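This report concerns only the one structure given below.
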Amino acid sequence: MTMSSPTTEKDPASDLPPGTTPYYANMHKWIKRAVLVCLIALVIEGAFTLPFMAVYYGYPTLSLTEICSELLKVRYSDDTLECKFPYPPLGPPEGAEGKDTAQDQWGIQPVPKYHRLGFRELVRIHEERLARQATEQHGATTP
């Protein structure tokens, strides 16, 4: 009758994930925890970024498609640009459509020439554009 002695224990390295040595096991555990916390923080940040940005740009007054179109018009200094919704499934990336109307200074570090948008300023820009287009149409229809 052989009994295992209480002094014989399992090898502690057998519980570790593959590629982890016992010397670095504690460090790997804390790195895993830190990465998990960072990923959760990124998901939470991403979940709150779009709604807050939409409200900042004027969401209740403008739809998300109108906000997208107004941002394109401001960015590229072209009043004819519109966001495509729904976007074609196999269409080109939006930036690859050859928009050359931006008035930026190009170089190693491009300098944009459009002004920084303030709180709900896209609503004002949109309404001014609609008023300007209405006066142009009204002027063109009346002889």
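The values are calculated or read from the model by the stated rules, or taken from the named source; none is laboratory data. The shown structure was predicted, so the numbers you read here are calculated from the model rather than taken from an experiment. Glycine also receives a Cβ, built like all others from the backbone with ideal geometry; neighbour counts cover every protein chain displayed. Heavy atoms of the whole protein, side chains included, go into the accessibility calculation; ligands, DNA and RNA do not. Shrake-Rupley method; radii C 1.70, N 1.55, O 1.52, S 1.80 Å.
Within segment 61-78, being open to solvent by 70 Å² or more (accessible area, probe 1.4 Å) and either over 20 Å from the mean Cα position of the chain (by Cα) or among the hydrophobic types (A, V, I, L, M, F, W, C) (or both) holds for T61, L64.
Does segment 12-67 hold any residues that are under 18 Å from R120 (Cβ atoms), in a helix (DSSP H, G or I) and among the small types (G, A, S), and which are they? Of everything in segment 12-67, just one residue is under 18 Å from R120 (Cβ atoms), in a helix (DSSP H, G or I) and among the small types (G, A, S), namely A54.
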